[in-house]
Each structure stands twice: as structure tokens, then as C-alpha cells.
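Here is the structure we will look at.
Each value in this text was obtained by applying a stated rule to the coordinates, not by laboratory testing. The structure displayed is predicted, hence computed values, not measured ones. In this analysis, Cβ positions are derived from the backbone assuming ideal geometry, glycine residues included, and neighbour counts consider all displayed protein chains.
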Amino acid sequence: MDIWEAQHLDINDPMKEYRDYFDIPENLQYLDGNSLGVVSRGVAQRVESVIQHQWKKDLIGSWNKHQWIDAPERIGNRIAPIIGAAKDTVTVSDTLSLNVVKALSAALNMRPERTVILSDTGNFPSDLHMMQGLIRTLGKPYVLKLVKPEDIETSIDETIATVVLTHVDYRSGRIHDMPSITQKTHQAGAISVWDLAHSAGALPLDLGALCVDFAIGCTYKYLNGGPGSPGFIYVRPDLINEIWPLLSGWLGHDKPFSFDLDYIPATGIRRMRVGTPPVIAMAALDAALDVWDNVDMRQVRKKSVELSELFIAEVEAKCGNYDIELLSPRESTMRGSHVSFRAQQGYAILRALAAENVVSDFRAPNVMRFGFTPLYTRFSDVVIAVEKLYGILRERRWDRQEYKQVSGVT
Ligand SMILES: *Cc1c(COP(=O)(O)O)cnc(C)c1O
């Protein structure tokens, strides 16, 4: 496809006006919104206003006057429709990694007679490490059973306490069959925990209809909450008041300001909170969520598939003679909103691309990962990115010492 055709697609794109919500540097092809979303235009002003009109002026009184104290559930209720969750089932707190422990420990408590946690070898290391950490503390007989992603369904049996999976594989973009796995989990009497890091804001979800027990996710990827913006946790409505939180911090207490010596969990999803909410980060996230109020997730998914399919077709047509190979599933229904290619020199190639204003990211050992964020990625971004990739491969512009030096964050 040439650039004119791509621009024609942009002009006729029914989602094109969403890009105006964001402040994106010109002449940049940003294909990394699956890792860190871009800045929304409303964010700086909202944060400034919280500082100037709330923190500075009303100081500690702001917890009541400006309802800072309710921000986690108020913002949770803005995320809920994006993930197909009912009102008052989501709260925003802590990091996604910590929410793994919160969900897992609650799930294990619900099945005290079972000791096996099932996950897969494609899961994100932090999720696995958090599970391993909890198991070390709990001691024997708890075990983490890791199987290949394709073997999950056949590994669910009545020894399993909980199945903890990341819905969209961070590396390949492969989607787990959430309806079928959740159903099998429940048939075996186990608890389902889904990590939505690469799903929330990327594809339609329906946690409520699937009776998912727990879900967790982050807000700095497709939801554009900003670097390190707090994570979220969802609990099935009829389970919320049954859970005894492992991380029983004072703000998840029924009456934090009665300063009881004993912990009594709050009624409702608030019990999944731990400590003081990061108000400024919450304000940035709140502003970033404004754009989502009118978004139809089916439309997001449709454009995501179109962008990804165009990318794969263009890369294979133009760069097929070079040493790169599609790692993601070819079938679009099996793929989330990012596409990965394997390349021996992947790291250096991506550094060369970044030097030409195409930003994507690298996942060890050899994966080049390209994220498509339908609210702001244009068809022309895809075509320009592939054109540059082709030039870099053809002229070996990646073959420079400085591009092979791996930096701390990839
Ligand atoms: C991005 C990501 C994380 C990151 O966790 P943080 O605690 O927010 O740093 C964890 N798990 C998965 C699957 C991810 O994609």
C-alpha cells in the first residue's frame, strides 16, 4: 500500500477524531502504546489543577472536600465498562504485580483444600515471580504448575485451586480463550484469575457475563494513565464480601479512622485497597479516561485488526527477503493488539527504527514488538513504519555498534 492510499484510509476512519484527545509529537510513528500510552491533552491541566486548587489551597481538607478518598472506586467505575464489569466491582490501587498477589491469595483462601496454582510458560515473568514469592511464604504443599499455553485447558482438573493467566501474551500477542478456560476452571471447582495488562482498552471484554472471579490490570498501557499509573483489580460481585484480603491495609478497613487494633474489611470492593491512594497519579489517570466515555470497544477491535493485518501484510510483502519471521498468530481472532516478529538482530533493528522516529519495543531474546492503539494509531503510521523498516533492512542501517549496545529498559 502506498502512503496516499493509507492517508485515504485515515480520512475515512470513523475513529479518526479520537486522535485529537492526545498530544503526540509530530512526525513520530509511535507503535508502543501497548507498553506506555501517550499523553492525553487534558492530563497536564488536570494535574495542575489538583495541585493548585486542591492540594495547595485546601491541603488535607481535600481528602473530603475534593473526594480524594473516593478516587480509587470512582475511577474503578470508569474502567469497569471498558472491561465488561458491573459498577462497584473495580478499584484502582497499587501496581499490577501487587494485584497479582492480592487476587491469588484471595483465590487460594477460597479453596483451602487445594494447593496447585496453574499458569503457563508464556505468562509475564513478574506475574510468575509474584506467585513464586507468595508460595515461598506459604510453604509446602503449595506449587505453581506451569504448562505450555496450548496445554492449559487439558491441565485443568480438580487438584487446581486457581488458574492464573495473562489473557493476551505480552510477547506474541496470542489470546487465550477466556470464555472456554473460565468455564473449564469453574467446572473443575477452581477460581479464575485473569491478567488484562494487554487486553484492557485493546479488545472487548465481558468479565461479568463470563463470571470471571478476579481480574487485574494496568492503566499505563492502552488506558494511557501515564508512567507507573496505578493498577486495577476486579472481583466478581458476589465474592467481594467473602474475601479476606492478605494485604489488609488501613484504607481497606471498614472504618479506617476508628483506628481499631483489629482489621475488619470494608464492605464492597474498597476492601481490595491497601494504603493511601496516589492522588496526583489518580488525577492523571482520571483525565486520561475521559476519552473512553464514548468509545465502542467493538469499533476499537475492528480497527485494531485492520491496523495489525495491514502491518503484517506490508512487512511480509516488503521485508520478506530478510531474516524476520512472524511470531504472533497469523489468525487475527487469535491475536491481541500487538504484532511481533522474530529477528536475530531485532534489538539493533529497533534502535535504528527509533532513530528514524518509529518507536516500538524489544523483548528478549529476539522479539520485535509493535503495538497498535486504535484511538491514535493511523493507517499511514503503519505504512510509514514499514517503509522505514524496509529501508533499514535493505541498507543494513541497523549494523552499527551503538545500536547493539542494550540499554537498561528495552
Ligand atoms: C505490563 C505488565 C506487567 C507490569 O506490572 P507492573 O506491576 O505494573 O510493573 C505485569 N504483567 C503483565 C502481563 C504485563 O503485561
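Among DSSP beta bridges whose residues both lie in the chain, state the antiparallel percentage, nearest 5.
Details: 22 of 40 bridges.
Expressed as a percentage, antiparallel bridges in the chain total about 55.
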Q) So what J values fall out for the stretch 188-194 if you push phi through Karplus, 6.51 cos²θ - 1.76 cosθ + 1.60 with θ = phi - 60°, rounded to Hz, Gly and Pro as x? A) 7, x, 9, 9, 9, 10, 10
Q) Put +1 on the Cβ of each Lys and Arg and -1 on the Cβ of each Asp and Glu in the stretch 45-293; which of PHE214, PHE232, VAL116 then has its Cα farthest toward the positive end of the dipole? A) PHE232
Q) Using modelled backbone amide H atoms (1.01 Å from N, in-plane), which distant-in-sequence or interchain residues come within less than 5 Å of LYS145's amide H? A) ILE117, LEU118, SER119
Q. From the backbone phi of the stretch 273-282, what are the Karplus-calculated ³J(HN,Hα) couplings (6.51 cos²θ - 1.76 cosθ + 1.60, θ = phi - 60°) in whole Hz, Gly and Pro given as x?
A. 6, 10, x, 5, x, x, 4, 6, 5, 5
Q: Can you tell me the relative contact order of the stretch 55-100? Whole percent, Cα pairs under 8 Å, sequence separation 6 or more.
A: 28 percent
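Convex hull volume of the Cα atoms in the stretch 1-137, per residue, in Å³? Could the numbers behind the result be given before it?
Details: hull volume 29.3 nm³, N = 137.
Output value, Cα hull per residue: 214 Å³.
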Q. R0 = 22 Å: FRET efficiency of ASP293 with ALA209, Cβ-based, nearest 0.05?
A. 0.50
Q) How high is the relative contact order of the chain, given as a whole-number percent (alpha carbon pairs under 8 Å, six or more residues apart)? A) 23 percent
Q: Would you give the gap between the C-alpha center of the stretch 198-256 and the C-alpha center of the stretch 265-311, rounded to a whole Å?
A: 11 Å
Q | Radius 15 Å from Cβ of ALA364, net charge of other residues (Lys, Arg +1; Asp, Glu -1) | A | +4
Q.
Please compute the Kirkwood hydrodynamic radius over the stretch 260-410, one decimal place, Å, based on all pairs of different Cα atoms.
A. 18.1 Å
Q) On the first, second and third principal axes, largest extent first, how far apart are the outermost C-alpha atoms of the chain in Å? A) 68, 56, 40
Q. Taking H as built 1.01 Å from N, whose amide H comes closer than 5 Å to the amide H of ASN34, not counting residues under 5 places away?
A. GLY371
**Q.** Residue-count net charge about VAL291 - beta-carbon cut-off 15 Å; Lys, Arg +1, Asp, Glu -1
**A.** 0
Q) With each run of n ≥ 4 DSSP H residues scored as -39500 (n - 2.57), what mean residue ellipticity at 222 nm is computed for the chain after dividing by its residue count and rounding to the nearest 500 deg cm²/dmol? A) -10000 deg cm²/dmol
**Q.** For the stretch 335-410, diffusion coefficient by Stokes-Einstein and Kirkwood Rh (Cα), 20 °C, 1.002 mPa s, µm²/s
**A.** 168 µm²/s
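How large is the Kirkwood hydrodynamic radius of the stretch 133-173, in angstrom, based on all distinct alpha carbon pairs? Don't jump to the answer; show the numbers that get you there.
Working: mean 1/r = 0.0825 Å⁻¹.
This gives a value of 12.1 Å.
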Q. Which whole-Hz ³J(HN,Hα) couplings does the stretch 84-89 yield from phi under the Karplus relation 6.51 cos²θ - 1.76 cosθ + 1.60, θ = phi - 60°, glycine and proline marked x?
A. x, 10, 6, 4, 6, 10
(Q) If the only charges are +1 at each Lys and Arg Cβ and -1 at each Asp and Glu Cβ, what is the size of the charge dipole of the stretch 45-293 around the Cα centre, to the nearest 20 debye? (A) 540 debye
Q: Quick one: how many lysine pairs does the stretch 45-293 have with C-alpha atoms less than 23 Å apart and a gap of 8 or more or different chains? Give me the count, please.
A: 13
